[in-house]
Amino acid sequence: MKPQHVSPITFLPSGKSANVPNGVTILDAARRAGIHIATRCGGKAGCLMCKVHIEDGSASSLSPPGEAERRKLGGLLDDGIRLACQAKLAGEAVVSVPEDPLKAAIRKRLEEAKKGEEDRLW
């Protein structure tokens, strides 16, 4: 049996990382690292919810985009955006995972509320 190559992948902004076998999708690697990446289509490149940003220098550590990914993302590929369900690890990579929109809205409201409380203290 051929030995399997394992590569590290780091997820930003959390800084969590995992060592995963090459050929594993970013989505599966994220799950192994305890990182939630939203998806509704079950990894079929249908919902576009699992978009991630590939940090500089990491693009060559991933499989090239397939037809479905090229069709869905178009010019976003040039901006370093990939679908976590489609891009497969082929070497050490660093990936930025966008904040969940609901969590972002809640965080923003909490920050505004906290700022309002601080303003009232003065």
In this structure, does Asp56 turn out to be loosely packed, with under 14 Cβ neighbours inside 10 Å, touching a residue at least 24 places away in the same chain (Cβ under 8 Å) and under 20 Å from Ser96 (Cβ atoms)? yes
Per-region count, the stretch 23-40, residues surrounded by 13 or more Cβ atoms within 10 Å (Cβ to Cβ), more than 14 Å from Leu89 (Cβ to Cβ) and over 10 Å from the mean Cα position of the chain (by Cα): 1
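Could you tell me how many of the residues in the stretch 20-31 are closer than 9 Å to Cys85 by Cα and either touching a residue at least 24 places away in the same chain (Cβ under 8 Å) or in a loop (DSSP other than H, G, I, E, B) (or both)? Working first, answer last.
First, the residues of the stretch 20-31 that are closer than 9 Å to Cys85 by Cα: 25-28.
Next, only the ones that are either touching a residue at least 24 places away in the same chain (Cβ under 8 Å) or in a loop (DSSP other than H, G, I, E, B) (or both) stay: 25-27.
Total satisfying the criteria: 3.
Within the group Ala59, Ala113, Ala68, Ala87, which residue is aliphatic (A, V, I, L, M), at pLDDT 85 or above and under 11 Å from the mean Cα position of the chain (by Cα)? Steps first, answer last, please.
Details: Ala59 fails: under 11 Å from the mean Cα position of the chain (by Cα); Ala113 fails: under 11 Å from the mean Cα position of the chain (by Cα); Ala68 fails: under 11 Å from the mean Cα position of the chain (by Cα).
Going through Ala59, Ala113, Ala68, Ala87 in turn, just one is aliphatic (A, V, I, L, M), at pLDDT 85 or above and under 11 Å from the mean Cα position of the chain (by Cα): Ala87.
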Has the stretch 32-44 got any residue that is in contact with a Leu (Cβ under 8 Å, 6 or more places away or on another chain), among the aliphatic types (A, V, I, L, M) and more than 10 Å from Cys85 (Cα to Cα)? no
Where a residue in the stretch 42-53 is farther than 15 Å from Thr25 by Cβ and modelled with pLDDT of 90 or more and its partner, wherever it lies, is part of a loop (DSSP other than H, G, I, E, B) and not charged (D, E, K, R), with Cβ under 8 Å and at least six apart: His53/Gly80; His53/Pro98
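The values are calculated or read from the model by the stated rules, or taken from the named source; none is laboratory data. Everything numeric in this text was worked out from a predicted model, so none of it was measured. Please note: Cβ atoms are built from the backbone with ideal geometry, for glycine as well, and neighbour counts cover all protein chains shown.
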